[in-house]
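Q: Can you keep this structure in mind? I'll have questions shortly.
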There are 2 protein chains.
Amino acid sequence: MTGARPTEIRVSEIFGPTIQGEGVLIGLPTVFVRTGGCDYRCSWCDSLHAVESRFRDEWRAMSTEEVWREVTRLSGGKPLMVSLSGGNPAIQPFGELIGCGHGQGYRFALETQGSVARDWFADLDVLVLSPKPPSSGMETDWEAFDACLRASEGKPQTVLKIVVFDEADYDYARSAAARYRHLPVYLQPGNHTPPPADAHDAPIDIDRIMARMRWLVDRVAEDRWFEARVLPQLHVLIWGNRRGV
Amino acid sequence: MTGARPTEIRVSEIFGPTIQGEGVLIGLPTVFVRTGGCDYRCSWCDSLHAVESRFRDEWRAMSTEEVWREVTRLSGGKPLMVSLSGGNPAIQPFGELIGCGHGQGYRFALETQGSVARDWFADLDVLVLSPKPPSSGMETDWEAFDACLRASEGKPQTVLKIVVFDEADYDYARSAAARYRHLPVYLQPGNHTPPPADAHDAPIDIDRIMARMRWLVDRVAEDRWFEARVLPQLHVLIWGNRRGV
């Protein structure tokens, strides 16, 4: 990829419509705009092809117009939910695309770890803040996270989504939920068999993912944490690690 | 079971907390009150133990107080979502239980085919209307269905959930959605290997259920039916046909 100009969006892939596999919009037909580049390096990242800079030659610097043309082509011009994901899509200039799409009845959801706040967060329809638990190897900057909440000004529907691998992650999720009592919480069992960065498909250990799912349901029930929703990555159950679905 | 008095609820089982496996509340910790008795006999019913009258000796006529005591025992007295299911729970007297639970901060969701309207529908928090498609062998009485909508008076969050096995079911779902454009729609691939009525567990053909899920996602995408959500029965993926989860 040649260097992107400030108004260009670094795109790893645009695909869909397929259903959203995770969290609050689970099951909803969606076109995904996956951006390239991330300020995090989570140990279990399942989208390394959109994170590691050795893949930057596969990313494309696209203008808002080019991205918009591809989204409308894939959706046949019919409005739907567009998911901005990554990498960390918050480091891309999405304000214009959102304005353009809203004019045509499209809606926009952004999923980010909450490390970078942008003023256009307030224009989103759905903001999924997904702080990373200890197993990721990352540390959460809660001041940056709070800035994301302030930037959204309570305008989009805002939710927490936290990946859980183990007890330490679970405790982290409890603390995060306690800190933001007003936000709905979605817990997601982690996938310990993410695809290698250069694979378009890869075997997956569904049995242990589902065992983790059962553990998480039990954990939430025994704690009487009745406000939390527990949801697996549906696309992983349906398609495994296959890319582009 | 001895004959239930008019204020008694015929209960097949009360269990939980576990997560809701279907539809709009998917993933949410829930206590289930499954009632005995149904005015339908769907060919692929997955809860025959709560439908066929040969099981009525296993059902219990319980007072509102007895049901309430069991719900609060299971939830440790902490408010959560209570799902009223069946059988057809609409043929039971649930008005008092809902009033009682609301006083303690509990919420109530009812799932019914929409064949019997009750005035207490207006007191629900969530009403899931699940009209049965052609593959069920049942015929929908749309006047009765409309009466259910009138009874709820738009007060609870009301959604359509439709099981889809094949093209005829899919067409039925499209028509139902077109008839009730204001209602969110959830499509659910059918389970062609429901448990036999007297089994507490039974083998299940996950591969074909997931193949049907993929077909349904493709179908919705190619039709650009972007408002419909497509969700599998999560509890079936997690626990198979096991009862009580």
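Q: Just checking, which of A:150, A:242, A:181, A:229 is among the basic types (Lys, Arg) and over 25 Å from residue A:82 (Cβ atoms)?
A: A:181
Q: Could you list, in sequence order, the residues of the range B:226-245 that are more than 7 Å from every other protein chain (Cβ to nearest Cβ), in contact (Cβ under 8 Å) with a residue 12 or more places away in the chain and in a helix (DSSP H, G or I)?
A: Passing the criteria: B:234, B:235, B:236.
Q: Quickly run through the range A:70-94 and pick out the residues that are assigned to a loop (DSSP other than H, G, I, E, B) and out of contact with any helix residue (DSSP H, G or I) (no Cβ under 7 Å at 6 or more places or on another chain).
A: The answer is A:75, A:76, A:77, A:78, A:79, A:80, A:88, A:92, A:93.
Q: Could you say which residue among A:60, A:34, A:54, A:10 is more than 14 Å from every other protein chain (Cβ to nearest Cβ), at pLDDT below 95 and either open to solvent by 30 Å² or more (accessible area, probe 1.4 Å) or under 20 Å from the mean Cα position of the chain (by Cα) (or both)?
A: A:54
Q: How many of the residues making up the range B:149-161 are open to solvent by 40 Å² or more (accessible area, probe 1.4 Å) and assigned to a helix (DSSP H, G or I)?
A: 1
Q: A follow-up question, please. When the residues of the range B:78-98 are narrowed to those that are more than 14 Å from chain A (Cβ to nearest Cβ) and open to solvent by 50 Å² or more (accessible area, probe 1.4 Å), which ends up nearest to residue B:30 (Cα to Cα)?
A: Here the answer is B:96.
Q: Now for a separate question. Where residues in the range B:63-83 are touching a residue at least 40 places away in the same chain (Cβ under 8 Å) and out of contact with any strand residue (DSSP E or B) (no Cβ under 6 Å at 6 or more places or on another chain), which of them is nearest to residue A:227 (Cα to Cα)?
A: Only one residue tops the list, namely B:64.
Q: What is the residue count in the range B:37-53 for residues that are assigned to a helix (DSSP H, G or I) and in contact (Cβ under 8 Å) with a residue 24 or more places away in the chain?
A: The total comes to 3.
Q: From A:51, A:31, A:67, grab the single residue that is closer than 15 Å to residue A:243 by Cα and in contact with a helix residue (DSSP H, G or I) (Cβ under 7 Å, 6 or more places away or on another chain).
A: Among A:51, A:31, A:67, only A:31 is closer than 15 Å to residue A:243 by Cα and in contact with a helix residue (DSSP H, G or I) (Cβ under 7 Å, 6 or more places away or on another chain).
Q: Considering each residue of the range A:213-225, count those that are open to solvent by 20 Å² or more (accessible area, probe 1.4 Å) and either outside any helix (DSSP H, G or I) or facing another protein chain (nearest Cβ under 7 Å) (or both), and give that number.
A: Of the residues in that region, 4 qualify.
Q: Looking at A:168, A:197, A:228, can you tell me which residue is surrounded by fewer than 18 Cβ atoms within 10 Å (Cβ to Cβ), touching a helix residue (DSSP H, G or I) at 6+ places or on another chain (Cβ under 9 Å) and modelled with pLDDT of 95 or more?
A: Every option except A:168 fails the conditions.
Q: Can you pull out every residue in the range A:171-183 that is open to solvent by 60 Å² or more (accessible area, probe 1.4 Å) and assigned to a helix (DSSP H, G or I)?
A: A:171, A:174, A:175, A:179
Q: Also: For residues in the range A:103-148 being within 16 Å of the chain's Cα centre (by Cα) and in a helix (DSSP H, G or I), which is surrounded by the most Cβ atoms within 10 Å (Cβ to Cβ)?
A: A:121
Q: Can you say whether residue B:186 is open to solvent by 10 Å² or more (accessible area, probe 1.4 Å) and farther than 22 Å from residue A:31 by Cβ, as far as the supplied structure shows?
A: Against the criterion (open to solvent by 10 Å² or more (accessible area, probe 1.4 Å) and farther than 22 Å from residue A:31 by Cβ), residue B:186 does not qualify.
Q: If we scan the range A:203-216, do we find a residue that is over 22 Å from residue B:229 (Cβ atoms) and in contact (Cβ under 8 Å) with a residue 60 or more places away in the chain?
A: No, there is no match, as no residue in the range A:203-216 is over 22 Å from residue B:229 (Cβ atoms) and in contact (Cβ under 8 Å) with a residue 60 or more places away in the chain.
Q: Mind checking whether some residue in the range B:188-202 is within 14 Å of another protein chain (Cβ to nearest Cβ) and either touching a residue at least 12 places away in the same chain (Cβ under 8 Å) or assigned to a strand (DSSP E or B) (or both)?
A: Looking through the range B:188-202, at least one residue is within 14 Å of another protein chain (Cβ to nearest Cβ) and either touching a residue at least 12 places away in the same chain (Cβ under 8 Å) or assigned to a strand (DSSP E or B) (or both).
Q: What's the number of the condition residue A:206 fails, among (1) facing chain B (nearest Cβ under 10 Å); (2) open to solvent by less than 20 Å² (accessible area, probe 1.4 Å); (3) of a type in the set (Val, Ile, Thr)?
A: Among (1) facing chain B (nearest Cβ under 10 Å); (2) open to solvent by less than 20 Å² (accessible area, probe 1.4 Å); (3) of a type in the set (Val, Ile, Thr), the lone unmet condition for residue A:206 is (2).
The values are calculated or read from the model by the stated rules, or taken from the named source; none is laboratory data. Note that this is a predicted model, so its numbers are computed, not measured. Using ideal geometry, Cβ is built from the backbone for each residue, glycine included, and neighbour counts are taken over all protein chains shown. Each accessible area value is taken on the protein alone, full model and side chains, heavy atoms only, with ligands, DNA and RNA left out. Shrake-Rupley method; radii C 1.70, N 1.55, O 1.52, S 1.80 Å.
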